[in-house]
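J.: Supplied in structure tokens, the structure appears directly below.
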Amino acid sequence: MRSSSYTKGRQSELVAQACRVLGKLDMTHGSLGHVSLRLDDSETLLIKGKGEDESALRFTEPSDIVEVDFNADTVDGPKGLRSPRKSKFAVWSHVNKPSEEAITSESRWVKRASRTASSRNSST
């Protein structure tokens, strides 16, 4: 089932609002980090776009949100924005945890998790 433009617009507002909250609480740095939300059709998600026209997380508006398919390719969104590099992480999370509709990510969290896994592997 494809999401209606009204539903997608409302969901874009929710993603933008969640981004602003993370930004205003200084849980991220500048424009880093994002929130993704799986659309009802389960084949695409909404995520904060990256590119020449991006804004800092705390100033995210619905017009900063792009639609990404499960290949992490941008399928819809404003000119000047594209899917972030971390879209593949968001897609992987949504595919492997279908019951979780929304996911937050910030590069420091991913790096910290990677370092923990690396140090654990080197000590065994």
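J.: Looking at (1) farther than 16 Å from G9 by Cβ; (2) loosely packed, with under 15 Cβ neighbours inside 10 Å; (3) in contact (Cβ under 8 Å) with a residue 12 or more places away in the chain; (4) among the acidic types (D, E), which is the one condition that is false for D40?
T.: (1)
J.: Failed condition for G33, given (1) on the phi > 0 side of the Ramachandran plot; (2) in contact with a helix residue (DSSP H, G or I) (Cβ under 6 Å, 6 or more places away or on another chain); (3) modelled with pLDDT of 75 or more, with all others met?
T.: Going through the list (1) on the phi > 0 side of the Ramachandran plot; (2) in contact with a helix residue (DSSP H, G or I) (Cβ under 6 Å, 6 or more places away or on another chain); (3) modelled with pLDDT of 75 or more, G33 breaks only (3).
J.: Can you find, within the range 43-62, the residue that is surrounded by the most Cβ atoms within 10 Å (Cβ to Cβ) among those that are part of a strand (DSSP E or B) and among the charged types (D, E, K, R)? Break it down into steps so the answer makes sense when it comes.
T.: So the first thing to find is which residues in the range 43-62 are part of a strand (DSSP E or B), and the list is 44-48, 50.
Those still in the list that are among the charged types (D, E, K, R) too: 48, 50.
On the way: K48: 27, K50: 20.
The residue in question is K48.
J.: Out of V95, V66, V75, V35, report the one residue that is surrounded by fewer than 15 Cβ atoms within 10 Å (Cβ to Cβ) and assigned to a strand (DSSP E or B).
T.: Numbers: V95 fails: assigned to a strand (DSSP E or B); V66 fails: surrounded by fewer than 15 Cβ atoms within 10 Å (Cβ to Cβ); V35 fails: surrounded by fewer than 15 Cβ atoms within 10 Å (Cβ to Cβ).
On inspection, the qualifying residue turns out to be V75.
The values are calculated or read from the model by the stated rules, or taken from the named source; none is laboratory data. Keep in mind the model is a prediction, meaning the values are calculated, not measured. Here the Cβ is made from the backbone with ideal geometry for all residues, glycine too, and neighbour counts use every protein chain on show.
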